[in-house]
1. Kindly put Arg33, Arg253 in sequence by how many other C-beta atoms sit within 10 Å of each C-beta, fewest to most.
2. Any idea how far the Cα center of the stretch 45-71 sits from the one of the stretch 291-330, in Å?
3. On C-alpha positions alone, give me the angle between the axis of helix 248-257 and the longest principal axis of the chain, in degrees, nearest 10.
4. In the set [x] -0.31, -0.88, -1.02, -1.17; [y] -0.35, -0.92, -1.05, -1.19; [z] -0.42, -1.03, -1.14, -1.24, which value of log10 I(q)/I(0) by the Debye sum over Cα atoms at q = 0.07, 0.12, 0.13, 0.14 Å⁻¹ was calculated from the structure you see?
5. So what are the ³J(HN,Hα) numbers for the stretch 290-297, from phi and the Karplus equation (6.51, -1.76, 1.60; θ = phi - 60°), rounded to whole Hz, Gly and Pro as x?
6. Cut-off 10 angstrom, C-alpha nodes, Gaussian network model of the chain. Which of Thr199, Thr294, Thr150 fluctuates the most?
7. Give the order of Leu102, Leu109, Leu376 when sorted by the count of other beta carbons within 10 angstrom, beginning with the fewest.
8. Between Leu329 and Leu233, what FRET efficiency follows from the Cβ-Cβ distance if R0 is 22 Å, with the result rounded to 0.05?
Amino acid sequence: MPLTGIRVLDFGRYIAGPYCAALLADYGADVIRIEAPGGNDDRFTVPVAGDGSGAMFLQMNRAKRCLTLKPGSPEGREIVRRLVKTADVVVANLPHDALVRLGLDHDSLSAINPRIILATASAFGSEGPLAKNVGFDAVGQAMSGAVHLTGTADQPYRAQVNYVDFGTALHTAFGVLVALREREATGKGQCVSGSLLGTALAMTNALSIDHALNGIERQPIGNRSYSSAPTDLFRTRDGWIVTQIVGGGIFARWAALVGRPELVDDPRYGSDILRGDNGEELSVIMQQWCIGRTRDEAIAALGEARVPAAPVLRPDQALAQPQVAAMGLVEPVPYPGASAKVPLIRAPIHLSANAKPAPTRAPRLGEHSDAILAELGYDIDAISALRAQNII
């Protein structure tokens, strides 16, 4: 496996840190999740198993080992020191002052192991007036302009999916791989820093460039697009669909399908941006075409015409699609106390020369503590003493 031999210490919480580490675990890294003796809060979000472990935890912590630990205690600091000496990467999406307090800042880590790479993710980075503020995904969404432009003028909406957290995890994992590559040349580690605000602004950058250069103050337009049409959600007789009409060729095929070929020569619709500017009229035409058809009939006709479209599905319907099965995206794994196998989806990429290892479930609380401590040189009596003191 590409990352076999790389050891990652995961002090992450919720999504940005843990998902970064999970991506590394998907391709062979030995990832050790460090968790409080009673369990971290993010273990128990939306419980789905008998031990209280939640849906998000089972996704974020696949293929990891779990060591329970109080890292701020003297004994815990010694365990961390021994771990860091054996590790390549530390992942910790904690505030900078917390990193310093726990001895997980890069200066402290590199004094133990100069080859160590620290991957951090914060809400606002380490500099500036908001650097000490905490935040979650919605903060990034709101401060990037995305929430303002989602919904209607009377009611903005945030996305239910925490895409800023996931994007930060992806950027940070990319940074870790770059730092590992750099270490091959220099022999030294470094600090990889990501932020929710930075990720959110990167994802909305085209919108900010549009404003900076065109001076247009875009306003929310529901599910329509500023730069194409008819891109929108439409009601059929028995459900909803989405279309995304981008490019003159697709627009011409759509116009022929809905019986309005003359629209191709209408100057109001001569380009994607003009179609976006006049998208409300095109959405009305498409809605009229959809309302007399079932969802399946509409999707079949659009597919035959090679017009991008899809049904709007519930989460349970999403995993049941034949296409999902054909792509092998869902890998069911058992978890103790869960009512069924966990429908796990790992990194949805394929390397032609490297298959991912077989899927492995998330760890139970402290499941690997004894084994990890034994690897560090602790004997049975020492481990028992640590447990009696509630250090592990």
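Every number in this text was worked out from the coordinates using simple rules, so none of it is lab data. Bear in mind the structure is a predicted one, so any value in this text is a computation, not a measurement. Cβ coordinates were reconstructed from backbone atoms using ideal geometry, including for glycine residues, and neighbour counts include every protein chain displayed.
1. In increasing order of surrounding Cβ atoms, one gets Arg253, Arg33.
2. With the stretch 45-71 and the stretch 291-330 each reduced to a Cα centre, they are spaced 33 Å.
3. 60 degrees
4. The listed entry that was calculated here is [z].
5. 6, 5, x, 10, 6, 4, 5, 5
6. Comparing Thr199, Thr294, Thr150 in a Gaussian network model of the chain, the most mobile one is Thr294.
7. Ordered from fewest to most neighbouring Cβ atoms within 10 Å, Leu102, Leu109, Leu376 come out as Leu376, Leu102, Leu109.
8. The pair Leu329/Leu233 has a calculated efficiency of 0.35.
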